[in-house]
Amino acid sequence: MAKRKGLPKMLRALSAAAIAAIAVAGVALAAGAAHHPEDHPFSFDSPVGNYDMGQVQRGFQVYQQVCAACHGMDNLAYRHLGEEGGPFAAYRVRDHETGEMTMQIGRPAHGGSFVAVTDNPWVRAIASEATITDIDPNSGQPADRPGRPSDHFRNPFPNEIAARASNGGAHPPDLSSITLARHGGADYIRSLLLGYDGEMQGTLYHNPYFPGGYIAMPPPLNPDVVLYTDGSPTTVEQYATDVTAFLQWAADPHMEQRKRTGLVVLGFLLALSALLYLAYKQVWRGESH
Ligand code: HEC
């Protein structure tokens, strides 16, 4: 009898201990775990969603004028910006009234021929703004020259040691594929850029989205630091959203093509299923089974 009474008591004690353990673990997790990123409805989120190329262009501008001071994007060359599916892809179109040929960014609704990247004036202008350190063909000494479309994005630091030395020991990671390299992807990057609350600990900035809660990157965005020509708001939130869209494009430039192919394959499979069903009906017509 004493044994029977003892069992529920032991169970109760055990469950109390379990609850206490869970509570302790929960508190520990809450202290160390980063905030869940805010879910932003990006145009590329859905299975058929595309990039908003105006947004990707603005995001490139933000990267160039703000982030490129500290972050490289080694996998990107200037020419990538002007390839088909890129934010500065150019097309020649004939004006219906004057018959004159003009060039525009982005594919026209109909017609238009793609402009080779080496002839793309926007890409050439962007590349030539960069100063690339190359070898002088005559002297063999390092020498600066304007960038060309075939050059890779200029890295702000010659190597990681220099990058750390300029950033209080922290290394600004390469941003070529950062949205793929971080859990939470684009939503994480956007939340991180918007997550500063002004609190500091030594030289580190409090940011609840960053694992550990304190990041060495100073808040990079301020209102009105980048001038937009398309009338979009020049707010920190707009900058963060646009630069994130650019980083997503950079990490996955062939997404639109892939989704299109996926839809074609899906359509083909549906048509095939319908045909197979009709054939099955035909073959078994009049048979009792
Ligand atoms: C003044 C230099 C500086 C500028 C400007 C800057 N960053 Fe950073 N960034 C850093 C440093 C340093 C780190 C590494 C932080 C760390 O490890 O604590 C970092 C880290 C990051 C990370 C990685 C966070 C992670 O999860 O590891 C992302 C993403 C990022 N920066 C995006 C940007 C974007 C986008 C911009 C432009 C809007 C930008 N940064 C501008 C210095 C900079």
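The values are calculated or read from the model by the stated rules, or taken from the named source; none is laboratory data. Since the model is a prediction, treat every value here as computed from it, not as a measurement. Counting neighbours? That spans all protein chains shown, and the Cβs are built from the backbone with ideal geometry, glycine included. Heads up: the accessible areas ignore ligands, DNA and RNA and are worked out on the full protein's heavy atoms, side chains in. Shrake-Rupley method; radii C 1.70, N 1.55, O 1.52, S 1.80 Å.
Tabulated results
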quantity	calculated
Failed criterion for E256 (all others in (1) buried (at least 16 other Cβ atoms within 10 Å of the Cβ); (2) out of contact with any strand residue (DSSP E or B) (no Cβ under 9 Å at 6 or more places or on another chain); (3) not in a helix (DSSP H, G or I) hold)	(3)
Lone unmet requirement of (1) surrounded by 12 or more Cβ atoms within 10 Å (Cβ to Cβ); (2) over 29 Å from the mean Cα position of the chain (by Cα); (3) not aromatic (F, W, Y) for E97	(1)
Scan of segment 36-58 for residues that are part of a helix (DSSP H, G or I) and buried (at least 20 other Cβ atoms within 10 Å of the Cβ), ordered by number	M53, Q55, V56, Q57, R58
Tally of residues being crowded, with 21+ Cβ neighbours inside 10 Å, near the ligand (Cβ under 8 Å from one of its atoms) and more than 18 Å from P223 (Cβ to Cβ) across segment 59-86	1
Any pair with Cβ under 7 angstrom, 6 or more apart, that starts in segment 190-207 at a residue that is among the hydrophobic types (A, V, I, L, M, F, W, C) and ends at one that is more than 10 Å from the ligand (Cβ to nearest atom)	L194/E237; M200/H206
Residue in segment 136-146 that is open to solvent by 40 Å² or more (accessible area, probe 1.4 Å), closer than 30 Å to H254 by Cβ and assigned by TED's automatic domain parsing to the domain that holds E83 present	yes
Some residue of segment 188-195 being more than 18 Å from P172 (Cβ to Cβ) and surrounded by fewer than 20 Cβ atoms within 10 Å (Cβ to Cβ)	no
Boolean, T244 is buried (at least 20 other Cβ atoms within 10 Å of the Cβ), touching a residue at least 12 places away in the same chain (Cβ under 8 Å) and within 8 Å of the ligand (Cβ to nearest atom)	yes
Qualifying residue in segment 108-122 (condition: of a type in the set (F, W, Y) and either away from the ligand (no atom under 16 Å from the Cβ) or touching a strand residue (DSSP E or B) at 6+ places or on another chain (Cβ under 7 Å) (or both))	yes
Any pair with Cβ under 7 angstrom, 6 or more apart, that starts in segment 154-165 at a residue that is touching a residue at least 40 places away in the same chain (Cβ under 8 Å) and ends at one that is part of a helix (DSSP H, G or I) and of a type in the set (A, V, I, L, M, F, W, C)	P156/A68; P156/A69; F157/A163
Qualifying residue in segment 198-218 (condition: open to solvent by less than 40 Å² (accessible area, probe 1.4 Å) and under 30 Å from E83 (Cα atoms))	no
Residue in segment 228-239 that is buried (at least 21 other Cβ atoms within 10 Å of the Cβ) and of a type in the set (S, T, N, Q) present	no
